[in-house]
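Just so it is clear, none of the values below were taken in a lab; they were calculated from the coordinates. These numbers were taken from a predicted model, which means no experiment stands behind them. Every residue, glycine as well, gets a Cβ built from its backbone with ideal geometry; the counts of neighbours run over all protein chains shown.
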Amino acid sequence: MSLNHIAILAAAQLALLLLAASIFIALRRRGRKQIEAELESLRDEIWELRAAAAARDRAEAASLAKSRFLAAVSHEFRTPLNGVMGLAQLLAMTRLTAEQVSYVEAIGDSSRSLSQLIDDILDFSKIEAGKFELRCETFALAPFVESVVELLAPRAMAKGLELASVISPDAPREIVGDPARLRQVLVNLIGNAMKFTERGGVGVRVMREGARLRFAVRDTGPGVPDAAREAIFEEFEQADPSENHPQAGAGLGLAISRRLVAKMGGALALVESSDKGSVFAFTLPAPPTSEELAQAHLSGLTALIVAQSVFEAPYLAESMQYAGAQAEIVAAEDAARTLLGRCEKPFEVVIVDCALGPHRTAELAKIARAAHARRLFLLFSPLERRAFGEDALCDFDGWLVKPVRIASLIARLSQEIDKAPAPAKGAPSQALAGVNALVAEDNEINALILTRHLAKLGAKVTRAESGALALERAREAI
């Protein structure tokens, strides 16, 4: 091989070596850049995670601080508010003019609204902090629902609204849950319905739906705009957020109610809404083997209800039918006269709503007597009873008080003809006469309210400003 060939071969090998070296260096550089890029990306992710963790910690700390602040402020608000409410009650017991009575009632209404707002804020803060716990106990369904309706009935009657409830016979006699929180949900829904309803009323219906129990609150208000149907369940949101809306609230009631229902294993929603009213409903798990409510205590009884109402008369008739009775409703005096006159068999029970007026109720009583109705009942609220006076009862065999409880309805209608007993007198004003009472209270307003109430009941009151002084006073009394 010549020297030229050797030189050419050596040059080619050198070129290959240089090419391989350059390729190796290029690959190393590219790999390094890729590694550096990946490291930079990892650094960014680590910084983002650290920032997110710090933000989470700050949010949790802020939420905890907010909850503590709201709890403390709520307590500070509640103490003077209780004083305002208590003093308003004492003031209402004194001699006042009609104008002054209206002012005192307005103070009471405003105080109760503020108290409810404080409760809502406190509950909201507990839920946000994850410190909200539910109790679990067994309680009777019908008396529970009726007690909630009775609680809110005075507010409805003050607005001229009806408020009634009906419980389906397939509903369980007892349920298991937290009665305080279920009451809170019903009070929120019924109270909200009454707030926006000016005419008509509110009806509460409870029925079984498969393995669940359905609570529905229907009203005859203006309805909820389509755009606000979901927003009303958000915190601090309202269907009408205008500042001058007379019924505007804090926007917490429905939000808290939905969260409470969810915690109880159910769901709350607006299921119907139009210009004729709305229906809010929620479901809860129902006990699978609980005894049902239905019992035919009024089997075979025939009844006529004379009333002009949206909820009271229909729900009353429905409850009577569930108990085995046959009930019909008429709204006018002429219709009642016609129906009573053409029946071959007289109605055993005739129920007349005193909302028809004193003259018409008296005339209807005469018509029913002439048609040989066995028993006549007057349906009224405590407010209507005071307006009518006791003389209105003379034409009837008894009365039913709105809102009517199922148990009292069955008890009254199951009785034989008997004149209604004389109305019970109020509790004696000196119920604690001769009793020595010790009031241990360091708040002057609270102490004043307690001592005045006890003194009005006839008790001899001793005041102690501290626990130690209370123990000393108690030892002296012994």
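Could you tell me how far the Cα centroid of region 118-160 sits from the Cα centroid of region 324-396, in Å?
Value for the Cα centre distance between the two parts: 35 Å.
Over the Cα atoms of region 436-477, what Rg and Dmax result, in angstrom?
9.9, 27
Given R₀ = 30 Å, what would the calculated FRET efficiency be for Gln89 paired with Asp170, taking r from the Cβ atoms and rounding to 0.05? Display every interim value, and only then the final one.
On the way: r = 42 Å, r/R0 = 1.42.
The pair Gln89/Asp170 has a calculated efficiency of 0.10.
Once the piece of chain linking Asp226 and Ala335 is laid out straight, how much longer is it, given 0.36 nm per residue of separation minus the C-alpha distance between them?
Numbers: separation 109, 0.36 × 109 = 39.24 nm, distance 4.03 nm.
Full extension from Asp226 to Ala335 adds 35.2 nm.
How much length would be gained if the chain were fully extended between Glu209 and Phe77, taking 0.36 nm per residue of separation minus their Cα-Cα distance, in nm to one decimal?
Working: separation 132, 0.36 × 132 = 47.52 nm, distance 4.23 nm.
The span from Glu209 to Phe77 would gain 43.3 nm if fully extended.
Students often check this: by mean Cβ neighbours within 10 Å, which of 222-231, 448-457 ranks highest, and how do the rest follow? Don't skip to the end; give the middle numbers.
Details: 222-231: 14.1, 448-457: 16.8.
Highest-to-lowest ranking by the protection proxy: 448-457, 222-231.
By per-residue mean of other Cβ atoms within 10 Å, what is the highest-first order of 94-102, 358-366?
Values: 94-102: 9.2, 358-366: 16.8.
Packing order, densest peptide first, comes out as 358-366, 94-102.
Write down the Å³ per residue value for the convex hull defined by the alpha carbon atoms of region 302-414.
Details: hull volume 10.1 nm³, N = 113.
Enclosed volume per residue, from the Cα hull, is 90 Å³.
Enumerate the amide H contacts of Glu174 below 5 Å, restricted to partners 5 or more residues apart or on another chain; note that Pro and chain-start residues carry no placed amide H.
Here Leu141, Glu291 satisfy the definition.
Measuring from label point to label point, each 7 Å out along Cα→Cβ, what is the Leu117 to Leu64 span in nm?
3.0 nm
Listed highest first by mean packing, meaning other Cβ atoms within 10 Å per residue, what order do 338-345, 183-190, 85-92 come in? Each step should come with its number before you reach the end.
Working: 338-345: 11.6, 183-190: 21.9, 85-92: 16.4.
Answer by packing, highest mean first, reads 183-190, 85-92, 338-345.
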